[in-house]
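See below for the structure under consideration.
Every number in this text was worked out from the coordinates using simple rules, so none of it is lab data. None of the values given here were measured: they were computed from a predicted structure. Methodologically, a virtual Cβ is constructed for each residue, glycine included, from the backbone with ideal geometry; neighbour enumeration extends over all protein chains shown.
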Amino acid sequence: MSFTQLNPPIPVTVLDKGKGYAVGIIDYGQEHNLIWVTALNDSGEIWCAPNPQVRMQGNWTMGRTGTPRGAVCGSSQAGPMAART
């Protein structure tokens, strides 16, 4: 088993939970899905989501547009990396 901290966090969408930032990955080895440790934008909850439930967010410069089919996303655009006032 290994844990990898993601620095910087990666913006992802967890299906049926919403948008957030992946802050770490847990790898239990062969025959197991990677587990994405994700802080959700709207609720602030931390979820450990299996690999098939995690999608990259859209990125215009990389050619990824829109939200993946089946994804439920919150309306918040601000995440943990947003500027504070």
Check: When ranked by the protection proxy of mean other Cβ atoms within 10 Å per residue, highest first, what sequence do the peptides 39-51, 17-29, 1-13 form?
Finding: 17-29, 39-51, 1-13
Note to self: For segment 2-56, what are Rg and Dmax over the alpha carbons, in angstrom?
What the structure shows: 10.5, 33
Item checked: At R0 = 22 Å, FRET efficiency that the Cβ-Cβ distance of SER43 and LEU15 yields, to 0.05 -> 0.90
Notebook entry, point to check: What's the FRET efficiency of GLN30 with ASN59 using the Cβ-Cβ distance as r and R₀ = 30 Å, to the nearest 0.05?
Noted result: 0.45
